[in-house]
Amino acid sequence: MESLATLTGGAPVSGLLLAVIVGASAIGLIAAPGLIERNLFRPHWLVPNREYLTLLTSAFVHADVMHLLFNAFTFWAFAFGLERTIGSERFFGLYVVGLLASDLGTWIGHRHQPEYRTLGASGAITAVLFAAIVYFPNGSIFILPIPVPIPSPLFALAYLAYTWFASRRPGGRINHDSHLSGALAGIAFVALTDGAAVGRFWRQVLG
């Protein structure tokens with residue numbers, strides 16, 4: 001673990017998670033498509049078929065290369081710096097809480113839909129993103145095709161509003177319930193484990 005910490009600049013959990021996400025997804029997309037099919041999260045069938053393991057494994061496979069690249073880049077952009085700030089143990093706890101919360105949101109929203117299935121690390125990564133926004137409120141986020149950086153707190157507010165609205169609309173390929181649950185879990189995790197960080201966030205935002 002010490003060598004991994006050195007290699008990742010003090011963020012071994014982030015490095016390991018990113019490696020597993022990219023590796024498992026690449027194997028599924030290139031060599032073993034069945035790996036993806038077996039690890040889809042299907043909320044309706046979670047309890048009847050006892051597919052509990054997919055609560056975790058579905059977050060390590062992705063639908064296509066663009067899906068993987070987007071999640072991997074977002075994770076890389078925010079996870080490593082956040083882990084160095086809060087420590088590896090708390091970062092791992094955040095990731096697990098974000099992942100399970102996103103699963104719960106998905107299950108609540110789609111448990112009555114037998115054909116619904118989802119995959120990807122987006123929910124857990126959204127938890128990481130929003131926790132990072134709490135710790136670094138003076139940062140900015142770029143979103144294509146918007147040509148200017150968006151202040152992180154403004155992005156967070158707009159993202160929550162959009163995701164809540166989008167999750168109320170049926171259809172579509174994006175699991176907005178997972179994103180919304182993950183984002184709220186990231187904020188809640190920071191509030192419960194480091195309330196002072198939330199106070200600093202508001203002081204910096206409000207001036």
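The values are calculated or read from the model by the stated rules, or taken from the named source; none is laboratory data. Because the structure is predicted, anything quoted here is derived from the model rather than measured. Every residue, glycine among them, receives a Cβ derived from its backbone with ideal geometry; neighbour counts consider all protein chains shown.
Observations
- Selection of helices (runs of 4 or more DSSP H) fully inside region 95-207 by the criterion of at least 1 residues being within 17 Å of the chain's Cα centre (by Cα), free of Cβ contacts under 8 Å to residues at least 60 places away in the same chain and surrounded by 15 or more Cβ atoms within 10 Å (Cβ to Cβ) returns 122-135, 152-167, 176-193.
- Residue match in region 72-82 (condition: surrounded by 15 or more Cβ atoms within 10 Å (Cβ to Cβ), at pLDDT 95 or above and in contact with a Phe, Trp or Tyr (Cβ under 7 Å, 6 or more places away or on another chain)): yes
- A search for C-beta distances below 6 Å between a residue of region 82-94 that is touching a residue at least 60 places away in the same chain (Cβ under 8 Å) and any residue that is among the hydroxyl-bearing types (Ser, Thr, Tyr), counting only pairs 6+ apart in sequence or on different chains, returns 83/14.
- Boolean, residue 56 is over 14 Å from the mean Cα position of the chain (by Cα) and modelled with pLDDT of 95 or more: no
- The listed residues are 172, 120, and the only one of them that is within 19 Å of residue 41 (Cα to Cα), small (Gly, Ala, Ser) and modelled with pLDDT under 95 turns out to be 172.
- Candidates are the residues of region 3-55 that are touching a residue at least 24 places away in the same chain (Cβ under 8 Å) and in contact with a strand residue (DSSP E or B) (Cβ under 9 Å, 6 or more places away or on another chain); the one that is farthest from residue 116 (Cα to Cα) is 55.
- The number of residues in region 1-50 that are basic (Lys, Arg) and in a helix (DSSP H, G or I) comes to 1.
- Residues in region 33-71 that are buried (at least 17 other Cβ atoms within 10 Å of the Cβ), among the aromatic types (Phe, Trp, Tyr) and closer than 19 Å to residue 110 by Cβ: 41 alone.
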